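Peer 1: This is the structure, below, for whatever I ask next.
Every read-out reported here was derived from the displayed coordinates using simple, explicitly stated rules and does not represent laboratory data. Everything numeric here is computed off the predicted structure, so don't read it as measured data. Reconstructed Cβ throughout: ideal geometry from the backbone, glycine too, with neighbour counts over all protein chains shown.
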Amino acid sequence: MSKILATLAGATLIACMFGAAAQDKAPSKKLYCWTENGRKVCGDSLPAEAVDRARTEINARSGMRSGQVDRSLTAEERVVRDVENKRLAAEAETKAAMERRDIALADSYETEEELRRAYRIRYDLVDESMKSSKMALSNLHLSLLRLLDQANERELAGEKIPKMLADNIGMQRQEFVALQANYQQQHVARAGIDAELQSAVQRYRAMKAPKVAEAPKVPGAVTNE
């Protein structure tokens, strides 16, 4: 008889243990609280009209807050968010690209003089182009003056300016204007090299400068900060 009672007691204990485990695995019920028409509303289910609103989720068993859901964004707010995310991503990529550029700059030249020598090559190329453009401008200007003198002499003599002469004057004027614009662009490009060199030297010096480790602070020590 005692063996039967012991067996029944063991079976009851096992059943209770399985029951408790099943209760632990069962999902805990939630309560939802949100604001509606200026007042707080709570319920054990979330109506359709409250799905997009900010709400607090509460564990019904413990009464403790289990989660917080922000309200859904409007279409306009989603557009603004996406634009801002793209802007931040672009800024991060730009910063990373600049860091890679500075590392490559420091690795490419052993000394600052090597860096400056590389820029002098660029200076020489631009200076040669500017010299050629200036000479071409001078020659074209003289040629245009000769054509204008011929046209002026014809007009003073009361003669009609030939079409070929007028066409040549118009064509050379266009070439002169285009060459002037190109010469100005070359000036801008040379000034740009100046700015690039100054920036490159500063970045190069910063990358090559020895890194000074910060001394550990002694507990209780007085600082001038």
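Peer 1: Regarding the range 83-94, can at least one residue be identified that is among the charged types (D, E, K, R), in contact (Cβ under 8 Å) with a residue 24 or more places away in the chain and more than 30 Å from Gln184 (Cα to Cα)?
Peer 2: No: the range 83-94 contains no residue that is among the charged types (D, E, K, R), in contact (Cβ under 8 Å) with a residue 24 or more places away in the chain and more than 30 Å from Gln184 (Cα to Cα).
Peer 1: Considering each of Val79, Val69 in turn, give the residue that is without any contact (Cβ under 8 Å) to a residue 12 or more places away in the chain and surrounded by 11 or more Cβ atoms within 10 Å (Cβ to Cβ).
Peer 2: That would be Val79, the only listed residue that is without any contact (Cβ under 8 Å) to a residue 12 or more places away in the chain and surrounded by 11 or more Cβ atoms within 10 Å (Cβ to Cβ).
Peer 1: Another question about this same structure. Counting just the residues of the range 148-177 that are surrounded by 11 or more Cβ atoms within 10 Å (Cβ to Cβ) and of a type in the set (Val, Ile, Thr), which one comes out nearest to Lys134 (Cα to Cα)?
Peer 2: Only one residue fits best here, namely Ile169.
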